[in-house]
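Everything on this sheet refers to the single structure shown next.
The values are calculated or read from the model by the stated rules, or taken from the named source; none is laboratory data. In this text, all values refer to a predicted model and were calculated from it rather than measured experimentally. FYI the Cβ positions are ideal-geometry reconstructions off the backbone, even for glycines, and counts take in every protein chain you see. In case anyone asks, the SASA skips ligands and DNA or RNA and just uses the protein heavy atoms, side chains included. Shrake-Rupley method; radii C 1.70, N 1.55, O 1.52, S 1.80 Å.
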Amino acid sequence: MQKIPTNSPVPAKSPTKAELPLDLTGAHITPGASAAHRLYQALCEIIVSGLVKPGEALPPSRTLARQTGFRRNAVIIAYERLIADGFAAATVGSGTFVAKRIPARATEPNKPKIVVEAPKQGAFSLGCTHIDERAVQRFRAFVGRRMRAFGAEHLHYGDPRGSRELRAAITDHLLSARGLRCDPDQIMLTSGTLHALRIVLGAILKPNDPVWCEDPGYPAARNTIAHCGYRAVPVPVDEHGLRVARGRTAAPSARAAYVTPSHQFPLGVQMSMPRRLELLDWARQAGAFVLEDDYDSEFRYDGAPLMSLAGIDHLQRVIYMGTFAKTLFPGLRIGYCALPERLIANVTAARAALDRFPGTLMEGAVADMLNSGAFAANLKRVRKLYREARDALAETLAAASGGALSVPVPSQGLHLVARFDPAVDLSVAAEAKQAAGAEGWLLADTYSRAPSLPGFVLGFSGHAVPQLVASAERLARASRTALRARSARRA
């Protein structure tokens with residue numbers, strides 16, 4: 001569906017509409033969705049049906065909160081969603097108004113529409129994303145402009161690190177978003193985090209060298225490390241992050257560690273500052289390198305993002321890895337790593353030997369997204385959608401499971417962990433997941449040697465809230481049933 005952004009000015013002052021004809025029980029309102037989402041749907045209905053006119057003032061948030069009985073925060077979120085989707089406009093000191101031109105579905109039903117299909121995956125699948133339709137339009141325009149200006153840079157082999165234009169845009173983003181100061185020469189573009197992992201390890205290690213890996217941790221990273229001929233050594237994780245002392249005991253000769261310090265995968269804990277300093281001390285003493293996978297730091301919902309490990313270390317012993325798979329879309333296949341200066345030559349040579357250089361055509365369009373502000377605007381909009389999805393999933397699971405599942409609400413990221421009591425047999429989670437037909441992962445599957453915990457790793461990004469709510473109710477019911485069946489077998 002094409003969204004037409006509202007650029008026309010609204011009146012400086014206009015009478016405020018005191019009451020809106022809202023129907024929160026209508027056919028187009030999703031039962032069980034969050035208050036903000038249901039209110040947003042109801043407001044969309046009265047706007048597209050013409051019950052309120054283009055340019056007409058909407059009630060102040062406090063007034064609408066009193067009318068509907070919702071919290072004012074839900075009203076504010078619904079208004080922000082209307083503005084983001086082109087249904088409303090706001091000016092400081094004047095209020096919120098119905099857009100002068102509302103999205104095409106209401107005013108031009110026969111006009112071809114731009115549709116961004118939902119992922120062809122079930123709810124709870126990890127790695128799904130949403131990209132705002134305005135961002136799609138901007139990206140399409142940037143790609144078209146780059147194609148029209150097709151130049152000689154696409155007709156020969158390029159820098160193994162990728163285009164300097166995009167590398168410079170990434171350094172600006174890392175400085176503002178992650179407190180990481182580096183030079184474009186230290187950036188190397190890759191096709192994703194696992195690609196970066198493969199290239200970097202090939203430049204700094206020898207076959208069969210040990211690599212510390214978090215336990216539980218990201219299975220794909222462990223598999224990549226093992227597939228490349230290195231020895232993945234599981235190191236336990238606690239509430240402070242990777243236990244460095246246990247790593248020293250398990251593999252004292254290790255020269256590399258793979259970690260997710262800002263939002264540990266899958267448990268979601270943040271590595272404490274004492275533990276971060278302990279890890280950096282080990283790296284300096286051992287002449288080792290820490291590979292920081294900062295896979296979802298842009299999606300922090302409470303407070304400012306934490307400073308990256310590489311920012312604390314000033315890129316001395318830390319190799320920072322990021323990706324546009326989460327912030328834009330996985331099909332882009334563009335990631336990057338920031339390298340210590342001492343590694344630039346070796347890693348660049350390793351990249352050239354592996355696959356010469358990255359694709360050049362999309363690099364310019366991604367640079368345009370970063371430099372134009374379209375990337376930041378898309379992040380701001382989808383962050384709100386993901387927060388709403390997170391809250392709906394956590395609330396539904398906690399309520400519908402009747403206490404069977406503990407569901408900590410993560411302050412960052414694109415997934416959450418729902419756990420049974422540690423004493424529950426692991427088979428209960430497996431039975432519940434199968435009975436509910438749920439996607440996502442079993443928490444036990446992320447463990448290597450540490451004692452596994454029963455539960456689920458559930459993705460909420462890129463999924464519609466009604467789908468998440470319905471799937472969460474099924475999983476919660478299946479969890480209660482599996483627990484009762486297990487208790488009956490024991491009896």
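The table below lists the values:
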{"quantity": "Where a residue in the stretch 348-369 is farther than 24 Å from R146 by Cβ and of a type in the set (S, T, N, Q) and its partner, wherever it lies, is surrounded by fewer than 21 Cβ atoms within 10 Å (Cβ to Cβ) and at pLDDT 95 or above, with Cβ under 6 Å and at least six apart", "calculated": "T348/P160"}
{"quantity": "Hey, L416 assigned to a helix (DSSP H, G or I), open to solvent by less than 70 Å² (accessible area, probe 1.4 Å) and out of contact with any Lys or Arg (no Cβ under 6 Å at 6 or more places or on another chain) or not", "calculated": "no"}
{"quantity": "Any hit, the stretch 172-182, residues being open to solvent by 10 Å² or more (accessible area, probe 1.4 Å), more than 21 Å from A304 (Cα to Cα) and over 20 Å from the mean Cα position of the chain (by Cα)", "calculated": "no"}
{"quantity": "Residue check for V92: open to solvent by 10 Å² or more (accessible area, probe 1.4 Å), modelled with pLDDT under 75 and of a type in the set (V, I, T)", "calculated": "yes"}
{"quantity": "Residue in the stretch 433-444 that is over 19 Å from the mean Cα position of the chain (by Cα), in contact (Cβ under 8 Å) with a residue 12 or more places away in the chain, open to solvent by 20 Å² or more (accessible area, probe 1.4 Å) and on the phi > 0 side of the Ramachandran plot present", "calculated": "yes"}
{"quantity": "Cβ pairs under 9 Å, 6+ apart, first in the stretch 216-242 and closer than 14 Å to T446 by Cα, second in a helix (DSSP H, G or I) and basic (K, R)", "calculated": "A232/R222; P234/R222; V235/R246; P236/R246"}
{"quantity": "Criterion (under 14 Å from L332 (Cβ atoms) and either assigned to a loop (DSSP other than H, G, I, E, B) or free of Cβ contacts under 8 Å to residues at least 24 places away in the same chain (or both)) met by exactly one of G158, G127", "calculated": "G127"}
{"quantity": "Yes/no for A352 being open to solvent by less than 60 Å² (accessible area, probe 1.4 Å), aliphatic (A, V, I, L, M), farther than 30 Å from E80 by Cβ and not in a loop (DSSP other than H, G, I, E, B)", "calculated": "yes"}
{"quantity": "Residue that is out of contact with any helix residue (DSSP H, G or I) (no Cβ under 7 Å at 6 or more places or on another chain), assigned to a helix (DSSP H, G or I) and open to solvent by less than 20 Å² (accessible area, probe 1.4 Å), where the choices are L343, L379", "calculated": "L379"}
{"quantity": "Answer from L475, L453 - the residue that is surrounded by fewer than 24 Cβ atoms within 10 Å (Cβ to Cβ) and of a type in the set (A, V, I, L, M, F, W, C)", "calculated": "L453"}
{"quantity": "Failed condition for A423, given (1) within 20 Å of P410 (Cα to Cα); (2) aliphatic (A, V, I, L, M); (3) surrounded by fewer than 18 Cβ atoms within 10 Å (Cβ to Cβ)", "calculated": "(1)"}
{"quantity": "Helices (runs of 4 or more DSSP H) lying entirely in the stretch 192-259 (those with 1 or more residues that are closer than 21 Å to L453 by Cβ)", "calculated": "219-227, 244-250"}
{"quantity": "Given (1) modelled with pLDDT of 90 or more; (2) at negative phi, number of the condition H154 does not satisfy", "calculated": "(1)"}
